[in-house]
Ligand code: AMP
């Protein structure tokens, strides 16, 4: 497997692979890989002859009070894991390679980004949209893979690709969970065993809402309250949001109809976690 630290290196490699008639798949990540990431890579391998993953902890998408410096990193381990699932190249640029002095161009997706994590993290999705655009321009993938775990991110990127006529297909891959139901996340490594057990409240509350919908509940406010109350019972968890929005517009809803996104976020200790499910009325 090839490791590229610079843009010219990865471009040269991909030109050769494209010359061989290969379809190129891209899995953007911030590293510290887990089974969720690896599932995206396996999915890419099924569709594409050449799979590239990017590993870049993107400073643009972190706020000044956030965990950019603490974000877990282990490139050597990541390379070994990616190699095992058949990834062909890892693009792991240094910060200056992506954002050289003088950088001042950003991509802003409106409307979809003013709620959920976008409301809690001003500038976050601007950072995400900008880095993903750069990665798409560098790699020029035929397919790019994103996790449903970050549902709002996947919707924002999908809108951006459509609005800016980016020539690739996005694949959204279902959330991979621990047997406890906890959605896998690099940030789970910040949690103690006790906190990990508490964090299962996210999925438990989502499942409770799903059951209520299956029993006929359609009142969005009641469903939100159900989720908030369950999370409120978990001593170690503080609710950040529990919201239900239409798909794919993320418009407010009073009554459930068709498909809707139920997204939750809690803080456990210093770590903020997110999870979501799609409710089907
Ligand atoms: P990250 O490294 O956290 O930026 O994640 C890179 C990609 O992996 C994003 O598209 C995430 O949505 C996806 N991802 C992260 N965790 C999971 C998970 N548990 N299941 C599925 N996809 C995931």
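Where a number appears in this text, it was derived from the coordinates with a stated rule and is not lab data. From a predicted model like this one, the values you see are computed outputs, not experimental measurements. Please note: Cβ atoms are built from the backbone with ideal geometry, for glycine as well, and neighbour counts cover all protein chains shown.
Note on the stretch 141-171: among residues that are in a strand (DSSP E or B) and surrounded by 20 or more Cβ atoms within 10 Å (Cβ to Cβ), the one that is farthest from the ligand (Cβ to nearest atom) is 144.
Answer yes or no: is there a residue in the stretch 55-65 that is part of a strand (DSSP E or B) and either more than 16 Å from the ligand (Cβ to nearest atom) or at positive phi (or both). No: zero hits. Residues that are touching a strand residue (DSSP E or B) at 6+ places or on another chain (Cβ under 7 Å), in a helix (DSSP H, G or I), within 16 Å of the ligand (Cβ to nearest atom) and over 24 Å from residue 269 (Cα atoms): does the stretch 13-35 have at least one? No: zero hits.
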